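See structure below.
The values are calculated or read from the model by the stated rules, or taken from the named source; none is laboratory data. Here the structure is a predicted model, which means the values were calculated and not measured. Heads up, the Cβs are rebuilt from the backbone with ideal geometry, glycines too, and the neighbour counts pull from every protein chain shown.
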Amino acid sequence: MKYHISYESVRELKNKQKTMDLSKIWLLVPKTFLQQFDTATKNTHTSRSEAIRYAMQLTYKEIKQRKTHIPKTQPPTIPQPNITPTTPN
């Protein structure tokens, strides 16, 4: 499956939506995280949507790359949280 990041304007995308198979998603994130995300991507992307599409593309590539490096005979390892046992006082 191929993914493509489009840096076209929203108007151009809406015109293309009739021929492209696009989906809209809704995300619920903490306001402070969204503010930090907007600040971090302000000078690199023309819109929040483009920044999110780019982040999704990077995530997809990273996951795909990880899957190609894991031997098929070995199950993927799931990172476990670092929990230190404590003794009651």
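Quick notes
- Only one of Lys14, Lys72 that is modelled with pLDDT under 65 and in a helix (DSSP H, G or I): Lys14
- Residue tally, condition of a type in the set (A, V, I, L, M, F, W, C) and either in contact (Cβ under 8 Å) with a residue 40 or more places away in the chain or assigned to a helix (DSSP H, G or I) (or both), over region 24-65: 10
- Of the residues making up region 34-53, just one is of a type in the set (A, V, I, L, M) and either loosely packed, with under 11 Cβ neighbours inside 10 Å or in contact with a helix residue (DSSP H, G or I) (Cβ under 6 Å, 6 or more places away or on another chain) (or both), namely Ala51.
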